[in-house]
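The block underneath contains the structure these notes are about, expressed in structure tokens.
Derivation of every value follows stated rules applied to the coordinates shown; laboratory data play no part. Owing to the predicted nature of the structure, the values given are computational and were not obtained by experimental measurement. With ideal geometry, Cβ positions are generated from the backbone for all residues, glycine too; neighbour counts draw on all protein chains shown.
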Amino acid sequence: MKKLCLLSCPLAASLLLSGCSSENTQGKTQEPAERQEWAASDDSIHSATFLPHTEASRKISASDEDTVVCHKRIDAIPVYELYPKEAKLLPMMILLHEHEGSKEQFLDEALLYAQAGFFCVLFDLYGYGERATPEAVESIEAAVLASQDIELLLEYYRLSPYADSGQFILYGHSMGGSAIWHHIAYGNKMPSAVVVCSASADFTKLEDMGAVLNGKQQPPAWDETTYRDYCQENNPTKHLESFESIPMLVYQGMRDDIIEPASTQAFDEIVSQRNREATFIYDETGDHDATVMFLDRILPFVKTHVRQDSI
């Protein structure tokens, strides 16, 4: 297991030029006719841009003419898709946003990964973004429900002519990272690798910070006892055997005042006994939102865990 300590790590312009190695993994097979039928039934897949008129969407759609950016709903899940216009069957990267966030959080970053040859999917977790609800939704509940969304999305993209759901990366920050830990412990379809920033795998260590929907503070959805029991029932660390073979890259700011560094360090010590493909990066000056200093580590890592001929 690798452990790295950072004082700083500037966002590198060389992101798109990073080298890669390959792992032998089994790709999925698809019937060409089925893929053609899937593509023909999906009008937005052919759109260069199909986005709400927001500041974020205007910026991303104008920034790169060689990347397709689509906005759609898959069942009840609002998503963005980003991928190269000259797309072949590409490894997927599913990006999960933080508490108080939405899928727009990762638009700029997803453009980099799309340019590098990934089919990127960004979606609103339940209770956030376009899925905001009148009632408050605790972040831990949204993280748990996200596992079902991931399974649904992977099934939808199974016949995509562009997205290879047989090899996919999960990448999440804070609440999105907790969703990834939960998916590894309880999900059915396992990722090729995961990238987790500022998120606890031990749900019993999470404090109830209240639910925030669309920037408006709302009262906690549950009483303290109900919340504690729910965290224990869905605690990923109850299934540590699930973490033995998943390559992972984990970021923890040592000045994080939301996710206790000690919680990540305790998880690190447990995982280190089981998983040699785990790297934990401890940023001595980083807080909960300082993951921008971590970005130049991500692309080389994820390229290592997809087939080299895919990107």
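A simple packing score, the average count of other Cβ atoms within 10 Å per residue, orders the peptides 178-185, 104-111, 269-276, 162-169 as 178-185, 162-169, 104-111, 269-276, with the highest score first.
A Förster radius of 25 Å, combined with the Cβ-Cβ distance separating Gln148 from Ser245, puts the computed FRET efficiency at roughly 0.65. The stretch between Glu65 and Glu224, if pulled fully straight at 0.36 nm per residue, gains 52.3 nm over its current Cα-Cα span. The simple Förster model, with R0 at 25 Å and r as the Cβ-Cβ distance, assigns Lys189 and Lys72 a FRET efficiency of 0.75. For the pairs Lys189/Lys303; Lys88/Lys189; Lys189/Lys238; Lys72/Lys205; Lys103/Lys205; Lys72/Lys238, flag any whose C-alpha to C-alpha distance is greater than 24 Å. Listed pairs above 24 Å: Lys72/Lys205; Lys103/Lys205; Lys72/Lys238. Ordered by the number of other Cβ atoms lying within 10 Å of each residue's own Cβ, fewest first, Leu125, Leu159, Leu90 fall into the sequence Leu159, Leu90, Leu125. Fully extending the segment from Glu233 to Asp108, taken as 0.36 nm per residue of separation minus the present Cα-Cα distance, adds 41.5 nm. One chain, two ends: Glu130 and Arg274. Fully extended at 0.36 nm per residue, the span grows by 47.9 nm beyond their Cα-Cα distance.
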